[in-house]
Amino acid sequence: MITTSQLIAESYTSYHRSVYLYIYYRINNKEEAEDLSQDVFLRLMDYKQMLRPDTVKFFIYTIARNLVNDYVRRHYKKQEITSYMYDHTAAYSNETENQIIAKDLSVCEKKRISQLPPQRRKIYIMSRFEDKSTSDISTELNLSRRTVENHLFISRKEVREYIQQCI
């Protein structure tokens, strides 16, 4: 009798390439497709109790489809927010009052950054002030791209909440 761990390992060997291609053709981003195809098999482990050799393939493709849908939804939401910000941002802001407010917000941001855990702080600074991409940061720090994204997500959220309290 085959164990669930063996079933997942065999499924990874059998289906990983086709799952990667399935995802890649839908999102057209190689790195993201690689990450999402890995996530499919990580999430498959959550269903250990329900897996059987005759149902594992359907679980894999259902998980992959759901991950792709979530990715696409986030992608378009991000574009929508970026477009909104671009359309509603003032074209000029050289007034003295705006400069003082910006300086105060910068001080608040730097204060909160100093309170972040060391690795999260380093990743935030590299992204925010050194204009490094997630891929560049992950390569430089020898971390997975997902780990860097998670650190950025959490640190941005914490800094944003702190600045909102300052305002």
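The values are calculated or read from the model by the stated rules, or taken from the named source; none is laboratory data. What you see is a predicted model, and the numbers here were worked out from it, not measured in a lab. Using ideal geometry, Cβ is built from the backbone for each residue, glycine included, and neighbour counts are taken over all protein chains shown. Surface accessibility is based on the protein's heavy atoms, side chains included, excluding ligands, DNA and RNA. Shrake-Rupley method; radii C 1.70, N 1.55, O 1.52, S 1.80 Å.
How much net charge surrounds Ser138 when only other residues with a Cβ under 9 Å from its Cβ are counted (Lys, Arg +1; Asp, Glu -1)? Present the calculation step by step, with values, prior to reporting the outcome.
On the way: positive: Arg145, Arg146; negative: Asp136, Glu140, Glu149.
In short, -1.
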Crossing angle, helix 145-166 versus the chain [Cα axis fit, 0-90 degrees, rounded to tens]: 40 degrees
field: Count, lysine Cα pairs under 23 Å in segment 50-167, 8 or more residues apart or across chains
entry: 17
- prompt: With all protein chains present and a 1.4 Å probe, how do Ser138, Ser106 order by accessible area, largest first?
  reply: Ser106, Ser138
field: GluC sites (Glu not before Pro), loop per DSSP, at most 16 other Cβ atoms within 10 Å - longest free stretch of the chain
entry: 1-94
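Restrict the search to segment 9-107; then list the chymotrypsin sites (Phe, Trp or Tyr not before Pro) that DSSP places in a loop and that have at most 12 other Cβ atoms within 10 Å of their Cβ.
Details: sites: Tyr12, Tyr15, Tyr20, Tyr22, Tyr24, Tyr25, Phe41, Tyr47, Phe58, Phe59, Tyr61, Tyr71, Tyr76, Tyr84, Tyr86, Tyr92; in loops: Tyr92.
Sites meeting the loop and neighbour criteria: Tyr92.
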message: Cut-off 10 angstrom, C-alpha nodes, Gaussian network model of the chain. Which of Gln115, Gln38, Gln49 fluctuates the most?
response: Gln49
- line: When every protein chain stays in place and a 1.4 Å probe is rolled, Thr82, Thr13, Thr62, Thr134 sorted by accessible area with the largest first are Thr13, Thr82, Thr62, Thr134
message: Running a GNM on the chain with Cα contacts under 10 Å, which residue among Met50, Met85, Met126 ends up with the highest mean-square fluctuation?
response: Met85
field: From phi via Karplus (6.51, -1.76, 1.60), per-residue ³J(HN,Hα) for segment 13-27 in Hz, x at Gly/Pro
entry: 4, 6, 10, 4, 4, 5, 5, 4, 5, 4, 6, 4, 5, 8, 10
query: Relative contact order for the chain using alpha-carbon pairs under 8 Å, separation at least 6, rounded to a whole percent?
result: 17 percent
message: If you take mean projected area of the Cα convex hull in nm² from the coordinates, which of (i) 12.9; (ii) 15.7; (iii) 11.4 do you get?
response: (i)
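Which whole-number percent is the relative contact order of segment 1-48 (Cα, under 8 Å, 6+ apart)?
On the way: 20 pairs, mean separation 19.9, N = 48.
With pairs under 8 Å counted, the relative contact order is 42 percent.
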